[in-house]
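Just below is one structure, and these are the notes that go with it.
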């Protein structure tokens, strides 16, 4: 059984997740968004207290708010970054993305070392996570599904009562809604959704009430 720890970081109130096995202490970090030394220290303290051995960064997509901590984690823990191939260009142009949002940030451009594909399996100790391709908010967006424990990390695809923005470069509204409808809404109703921003929800709740998916 895997455990999740959520941190809400940076001016975008982005959710960073540590996914780890409490027995083997193997873990990954999903969408590291820490932007200040205080946030970095908060993250490091949890890793140290739990004795977690991080094996990789997994980015559900490579928008600036989800990658602000990538280079810090790479330098601190010596691990690689995994994402969809179509997100590589976004990671290499994070400083430019920051300017798009009116932020004067430099030195955040980052690389992808491990390419993730739809249906690929990630192993954390004896546990298995499944990659679900979810383009729309970003062309190479993914979700991360833990079938055994009944939860999915939805990135910026599905939120409580909402869906991801599709007015950004490379976004596509019809692809996003199609993916949510055919891939996420077909998961069991009890599946907990942990999004990239805001509180958690469930597939059943969103399938019955989300106004953006008909």
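Residues are listed down the side, and each one gets a yes or a no for (1) free of Cβ contacts under 8 Å to residues at least 60 places away in the same chain; (2) in a loop (DSSP other than H, G, I, E, B):
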| site | (1), (2) |
| --- | --- |
| 61 | no, yes |
| 88 | yes, no |
| 95 | yes, no |
| 109 | yes, yes |
| 115 | yes, no |
| 132 | yes, no |
| 136 | yes, yes |
| 145 | yes, no |
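Evaluated against (1) in contact (Cβ under 8 Å) with a residue 24 or more places away in the chain; (2) at negative phi, residue 25 falls short on exactly one condition, (2).
Return yes or no: is residue 167 part of a loop (DSSP other than H, G, I, E, B) and without any contact (Cβ under 8 Å) to a residue 24 or more places away in the chain?
Answer is yes for this residue.
For the residues 10, 15, the requirement of being out of contact with any strand residue (DSSP E or B) (no Cβ under 8 Å at 6 or more places or on another chain) and within 20 Å of residue 195 (Cβ to Cβ) singles out 10.
Looking at residue 206, is it more than 21 Å from residue 32 (Cα to Cα), modelled with pLDDT of 95 or more, surrounded by 15 or more Cβ atoms within 10 Å (Cβ to Cβ) and over 18 Å from the mean Cα position of the chain (by Cα)? Spelling it out, residue 206 is indeed more than 21 Å from residue 32 (Cα to Cα), modelled with pLDDT of 95 or more, surrounded by 15 or more Cβ atoms within 10 Å (Cβ to Cβ) and over 18 Å from the mean Cα position of the chain (by Cα). Considering the conditions (1) touching a strand residue (DSSP E or B) at 6+ places or on another chain (Cβ under 8 Å); (2) under 27 Å from residue 150 (Cα atoms), residue 23 is excluded by exactly one of them, (1).
State whether one or more residues within the range 104-113 are over 30 Å from residue 1 (Cα atoms) and out of contact with any helix residue (DSSP H, G or I) (no Cβ under 9 Å at 6 or more places or on another chain). Scanning the range 104-113, I find no residue that is over 30 Å from residue 1 (Cα atoms) and out of contact with any helix residue (DSSP H, G or I) (no Cβ under 9 Å at 6 or more places or on another chain), so the answer is no.
For the condition surrounded by 14 or more Cβ atoms within 10 Å (Cβ to Cβ), touching a strand residue (DSSP E or B) at 6+ places or on another chain (Cβ under 9 Å), modelled with pLDDT of 95 or more and closer than 26 Å to residue 2 by Cβ, what is the one hit in 201, 177? Testing whether each residue is surrounded by 14 or more Cβ atoms within 10 Å (Cβ to Cβ), touching a strand residue (DSSP E or B) at 6+ places or on another chain (Cβ under 9 Å), modelled with pLDDT of 95 or more and closer than 26 Å to residue 2 by Cβ leaves just 201. Against the test of being surrounded by 17 or more Cβ atoms within 10 Å (Cβ to Cβ) and either within 18 Å of residue 14 (Cβ to Cβ) or in contact with a strand residue (DSSP E or B) (Cβ under 7 Å, 6 or more places away or on another chain) (or both), the options 121, 68 yield a single qualifying residue, 68.
Count of the range 147-170 residues, restricted to those that are crowded, with 22+ Cβ neighbours inside 10 Å, in contact with a strand residue (DSSP E or B) (Cβ under 9 Å, 6 or more places away or on another chain) and at negative phi, is 8.
The values are calculated or read from the model by the stated rules, or taken from the named source; none is laboratory data. Model, not experiment: these values are computed from the prediction. Don't worry about glycine lacking a Cβ; one is built from the backbone with ideal geometry, like all the others, and counts go over all protein chains shown.
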